[in-house]
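This report refers to the structure that appears directly beneath it.
The values are calculated or read from the model by the stated rules, or taken from the named source; none is laboratory data. Only a predicted model underlies this, so the values are computations on that prediction, with no experimental measurement involved. Cβ coordinates were reconstructed from backbone atoms using ideal geometry, including for glycine residues, and neighbour counts include every protein chain displayed. Note: areas computed on protein heavy atoms with side chains; ligands, DNA, RNA excluded. Shrake-Rupley method; radii C 1.70, N 1.55, O 1.52, S 1.80 Å.
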Amino acid sequence: MKVIVIGAGVGGTSAALALQKLGHDVVVYDRMRENRPVGAALSLWSNGVKVLNWLGLGPQVAALGGRMDDMAYYDGHTGDELCRFSLAPVTAQTGQRPYPVARADLQALMMDAVGPAHIRLGMQLTGVAEHDGVVTATFADGTTDTADLLIGADGARSIVRDYVTEPTGIRPERSYSGYVNYNGLVAADERIGPLEQWTTYVGDGKRCAVMPVAGDRFYFFVDVPGPSGVVEDRMAALEHAFGSWGAPGVRALLDGIDPDESLNRVEIWDIDPFDTWVRGRVAILGDAAHNTAPDIGQGACSALEDSFALGIVFATATLGVEDSLRRYERIRTERAGDLVLRARKRAFETHAFDVAATQAWYDGLRREDGTGVIRGIVGNIEGSPVELGASVLG
């Protein structure tokens, strides 16, 4: 088949690779003019890494990933350790070590694997149409392209999603999650936390966290509850939110941030789960299908699961494009929607939208030996199509 993929992020490039594995002619379009992804890094839990292994990128992804052996929580005001434990049980129970990775590095790897000849940058999609089994994509410069199949991996404000859901009369809308995430990359610094540890400081419904990534760097992500649409100086906002905290690690992190080099401000929104992902020969995946808050670290992994499911149905089903896409939709909508709701519930608990619930979580961290946290992490991984496939093969 000829396949058009809209979006060159993790979801779009993984879908392209999955379909290229089957011998299809794939072209990827993206409105960005260069590899400048939103967000500094991402968590690749075992389910996401396994998809990348299946796509043939395992060794390269391992080289990009930070070694994250342990996890610890600290009181943001005092710096006192609340709990610390090994993440080895995640690897043992799932069969794959997770990796935090710099998003630009991963995206560059995946775009290179797809092949520059198959990627068109600076192309803004403006419309989708289908007639007599041919899908047409129209772009802002007036050009068009046609294919047997179109995959919309064009993000949270997806144009392809609008096309797919139009016949239902229901247009999924994004909802603000109630907090802003600041993120970036800093030099790894043991004053912030051990170099092979996921370190999180918490208090007042806020958090400062770092994860190790390749290149002797920490990926930092900082959550501050508050309204959307605020225009602010990013560094000043961080100082206002955390400058009074007494934890030395938080101060070291703030001092290590270069706002001109790496400091993103991302308002966190999500979309209520919905089950219309396919219209004829057009389908959506990734944030276009299940825009998710980052509170359980499964956003990119869920997009990778989409691509795995897409590849499997086209490798095994033989009743045509429309039938294969409907099977993809049935495999993915319930699982992806469940992760959206889990992340939303987690955000509500950790950001003091219910002060008593957040305080109960803080109190529980002081008693945590890792069992509960590991159970939650593995629980988010279980149910993945790649995990289910592995269990059948096993």
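Considering only residues of region 197-227 that are more than 21 Å from the chain's Cα centre (by Cα) and over 24 Å from GLU261 (Cβ atoms), which is surrounded by the fewest Cβ atoms within 10 Å (Cβ to Cβ)?
PRO227
If the Cβ limit is 7 Å and pairs must be 6+ apart or interchain, which residue in region 65-84 that is without any contact (Cβ under 8 Å) to a residue 12 or more places away in the chain pairs with which residue that is outside any loop (DSSP other than H, G, I, E, B) and open to solvent by less than 10 Å² (accessible area, probe 1.4 Å)?
Matching pairs, first to second residue: GLU81/ALA72.
Of the numbered conditions (1) modelled with pLDDT of 95 or more; (2) out of contact with any Cys (no Cβ under 6 Å at 6 or more places or on another chain); (3) acidic (Asp, Glu); (4) surrounded by 13 or more Cβ atoms within 10 Å (Cβ to Cβ), ASP323 fails exactly one; give the number of that condition.
Result: ASP323 fails condition (4) only.
Would you point out the residue of region 365-376, among those that are outside any loop (DSSP other than H, G, I, E, B) and open to solvent by less than 20 Å² (accessible area, probe 1.4 Å), that is nearest to SER86 (Cα to Cα)?
ILE374
Using the structure shown, decide if SER175 is open to solvent by less than 20 Å² (accessible area, probe 1.4 Å) and more than 30 Å from ASP69 (Cα to Cα).
Numbers: open to solvent by less than 20 Å² (accessible area, probe 1.4 Å): no; more than 30 Å from ASP69 (Cα to Cα): yes.
Criteria not met by SER175.
The rows are residues; the columns are (1) assigned to a strand (DSSP E or B); (2) open to solvent by less than 20 Å² (accessible area, probe 1.4 Å).
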{"position": "SER43", "(1), (2)": "yes, no"}
{"position": "VAL49", "(1), (2)": "no, yes"}
{"position": "HIS77", "(1), (2)": "no, no"}
{"position": "CYS83", "(1), (2)": "yes, yes"}
{"position": "GLN93", "(1), (2)": "no, no"}
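Among the numbered criteria (1) assigned to a loop (DSSP other than H, G, I, E, B); (2) surrounded by fewer than 23 Cβ atoms within 10 Å (Cβ to Cβ), which one does ALA8 miss?
(2) is the only condition that ALA8 fails.
Pairs needed: first member in region 338-363, touching a residue at least 12 places away in the same chain (Cβ under 8 Å) and surrounded by fewer than 17 Cβ atoms within 10 Å (Cβ to Cβ); second member anywhere, part of a helix (DSSP H, G or I) and of a type in the set (A, V, I, L, M); C-beta distance under 7 Å; at least 6 residues apart or different chains.
Pairs that qualify, where the first residue is touching a residue at least 12 places away in the same chain (Cβ under 8 Å) and surrounded by fewer than 17 Cβ atoms within 10 Å (Cβ to Cβ) and the partner is part of a helix (DSSP H, G or I) and of a type in the set (A, V, I, L, M), are GLU349/ALA357.
Restricting attention to region 317-347, which residues are within 17 Å of GLY152 (Cβ to Cβ) and not hydrophobic (A, V, I, L, M, F, W, C)?
GLU322, SER324, ARG326, TYR328, GLU329, ARG332, THR333, listed by residue number.
Residues of region 108-129 being open to solvent by 60 Å² or more (accessible area, probe 1.4 Å) and either touching a residue at least 24 places away in the same chain (Cβ under 8 Å) or assigned to a loop (DSSP other than H, G, I, E, B) (or both), which ones? Before you say what the answer is, go through the steps one by one.
Applying the first criterion (open to solvent by 60 Å² or more (accessible area, probe 1.4 Å)) to region 108-129 yields 112, 116-118, 120-121, 124, 126.
Scanning region 108-129 gives HIS118, ARG120, LEU121, GLN124, THR126.
Hey, can you tell me all the residues within region 271-309 that are open to solvent by less than 20 Å² (accessible area, probe 1.4 Å) and more than 25 Å from VAL373 (Cα to Cα)?
ILE271, TRP277, VAL282, ALA283, ILE284, LEU285, GLY286, ALA288, ALA289, ASP306, SER307, ALA309
Pairs please, first residue from region 309-329 and within 18 Å of ASP132 (Cα to Cα), second anywhere and assigned to a helix (DSSP H, G or I), Cβ atoms under 7 Å, 6+ apart in sequence or on different chains.
SER324/VAL313; SER324/PHE314
Restricting attention to region 54-64, report how many residues are buried (at least 16 other Cβ atoms within 10 Å of the Cβ) and either touching a residue at least 40 places away in the same chain (Cβ under 8 Å) or under 26 Å from TYR362 (Cβ atoms) (or both).
From region 54-64, those buried (at least 16 other Cβ atoms within 10 Å of the Cβ) are 54-55, 57, 60-62, 64; that's our starting set.
Still in the running and either touching a residue at least 40 places away in the same chain (Cβ under 8 Å) or under 26 Å from TYR362 (Cβ atoms) (or both): 54-55, 57, 60-61, 64.
The number of residues fulfilling the criteria is 6.
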